[in-house]
Amino acid sequence: MNSAGRAKENASGVSRAKKSRLTPKKRTITQYVAGVDRPFLVTVILLLCIGTVMVFSSSYPYAREYYGDSYKFARQQIMWAGLGLVGMTLVAKLKIFSYHNIRKFAKPLLAVGILMLCAVLVVGSGAKGAVRWLQIGPISFQPSEIMKFAIVLFFADYADKYADKIRTKENFQGVLPRFFGALALAGLGAAAFFVVNSKPLALIMALILVGVAVAVAYPIDMKHNLPGFYYGIIPYVLVLVVVGALMYLQPHISGLIIIAGIVFAMMFIGGTPLYYIIGGGGVGAIAVLFLAMSLGHSSSRMEVWKDPFSYIQDGGWQPVQSLYAIGSGGFWGVGFGNSRQKHLYLPEPQNDYIFSIFCEEMGFIGAFIVICIFAFFIYRGIVIGLKAPDRFSSMLVLGIIMHVGIQVILNIAVVTNTLPSTGISLPFFSYGGTSLLILLAEMGVVLSVSKYSSVEKTS
């Protein structure tokens, strides 16, 4: 090739290089999701799509009757879902939101969550005797939703730092009497809510007794060293007591139950000895039961739960209509949009009881398929967690998946009257902006971790 030809070729190469720099490359959807766990991503999007469609199907009679706009809830849910997907993508793809960086916010986020729960008691808004929301301009949100993730993040960080001390085997010689003494004092703390009618005073008494219980359980002689007890029990109990007390005062018993479930799940994931978890779980369950029974409406819900048909005009209407909806669906369902119970029989069906409407329209087979999708979601999340690159990211993912799984199980149990009505929403399905945005942000965290995990990312 002569010099003129080489010069021409070089010039054309320079021109192509300049053009490539100036012309942005087109990216496919596959490139946008490259690196993340695609089965998990597809499952999340599938659940979100089904849930958004069901918000419209379940809500349009109620929205038309009370707001004059059949699409009110559906339109808002689509907006929140769109914003949530954008947030999930940013969290999953940007390094600033990677699990390495969000770990720095473990303690600050927990502190902010507690402060917001305190603010709810002072300037919060609510309905039906419960104050659970904070209003900032046009935005209203529940701090309890933020607290769920804050607890997962905090204890994932905590258990990773103190793993060796949490997992240490204990010497119980001479300690069991103190331990049972602590349990006895905890029982007295729960009884205080029945003896004292003033909630603040009862709360102070219970907190004092919890402090005394900790002091009694603490072995005075140093030869009985219990690092597993100190590091595997005390921090979890303290966080649960503080957060639980604030949520009890709202009152928000359903949120308290979920928070307690998350705390015990994080104890299990973090390596706290099983005998501590079983003992603490038993005491915690009794305490939550006492707290719930100390509230008049919660106590009445227990009676309604036993026989909702006998209280159909006094608290049993919603669970009865839910059972009617599920029963009416039969095996194949009445068809999409053809539910009868959503026509002002089941109050606000787009919220906690949306799964009842889904069962009515899609039948047993549809409910079974959705439950299977949730099961695969949990399975795939656990796989990502177990294959995570380090202990912190593993516990973070497993904690998020456990939180969603607990909420799914409790919601389905409530709508089938297996458990008393507690106001627990169904993830991806129930109408609500705050919960959906935070949920999808958590999914972004899981996807972010999946980029570094050793799990095979098949399509």
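Filtered by the rule that a residue be outside any loop (DSSP other than H, G, I, E, B) and buried (at least 18 other Cβ atoms within 10 Å of the Cβ), the stretch 301-319 gives R301, V304, W305, P308, Y311, Q318, P319.
Residues of the stretch 370-407 that are among the polar types (S, T, N, Q) and either at positive phi or in contact with a Leu (Cβ under 8 Å, 6 or more places away or on another chain) (or both): S394, Q407. Answer yes or no as to whether A63 is in contact with an Asp or Glu (Cβ under 8 Å, 6 or more places away or on another chain), under 24 Å from P349 (Cβ atoms) and at pLDDT 90 or above. It is true that A63 is in contact with an Asp or Glu (Cβ under 8 Å, 6 or more places away or on another chain), under 24 Å from P349 (Cβ atoms) and at pLDDT 90 or above. In the stretch 409-459, which residues are among the β-branched types (V, I, T) and under 21 Å from R132 (Cα atoms)? V414, T422, I424, T434, I438, listed by residue number. Being in contact (Cβ under 8 Å) with a residue 24 or more places away in the chain, hydrophobic (A, V, I, L, M, F, W, C) and over 20 Å from L386 (Cβ atoms) is a description that does not apply to L447.
Of the residues contained in the stretch 428-444, one or more are found to be touching a strand residue (DSSP E or B) at 6+ places or on another chain (Cβ under 6 Å), modelled with pLDDT under 90 and of a type outside the set (A, V, I, L, M). Residues of the stretch 139-186 that are in contact with a Phe, Trp or Tyr (Cβ under 8 Å, 6 or more places away or on another chain) and at pLDDT 85 or above: Q142, L153, F155, A156, D157, D160, Y162.
Criterion first (among the polar types (S, T, N, Q), assigned to a loop (DSSP other than H, G, I, E, B) and modelled with pLDDT under 95) does S448 satisfy it?
When the stated conditions are applied, S448 does not pass them.
One residue stands out among those in the stretch 320-351 that are under 27 Å from the mean Cα position of the chain (by Cα), at negative phi and surrounded by fewer than 24 Cβ atoms within 10 Å (Cβ to Cβ): the one that is modelled with the highest pLDDT, which is I326.
Sub-7 Å Cβ pairs linking a first residue in the stretch 219-238 that is aromatic (F, W, Y) to a second residue that is surrounded by fewer than 14 Cβ atoms within 10 Å (Cβ to Cβ) and modelled with pLDDT of 85 or more, at least 6 apart or interchain, number zero. Could you list all residues from the stretch 320-371 that are in a helix (DSSP H, G or I), of a type in the set (D, E) and touching a residue at least 40 places away in the same chain (Cβ under 8 Å)? Once the filter is applied, which keeps residues that are in a helix (DSSP H, G or I), of a type in the set (D, E) and touching a residue at least 40 places away in the same chain (Cβ under 8 Å), the stretch 320-371 yields only E361.
For the stretch 435-444, check the following and say yes or no: at least one residue is free of Cβ contacts under 8 Å to residues at least 12 places away in the same chain and of a type in the set (S, T, N, Q). Talk me through it step by step, then tell me what you get.
Start the filter on the stretch 435-444 by keeping residues that are free of Cβ contacts under 8 Å to residues at least 12 places away in the same chain, which leaves none.
No, every residue in the stretch 435-444 fails to be free of Cβ contacts under 8 Å to residues at least 12 places away in the same chain and of a type in the set (S, T, N, Q).
The values are calculated or read from the model by the stated rules, or taken from the named source; none is laboratory data. Nothing here was measured: the structure is a model prediction, and the numbers come from that model. A quick note on method: Cβ atoms are made from the backbone with ideal geometry, for glycine too, and the neighbour counts reach across all protein chains shown.
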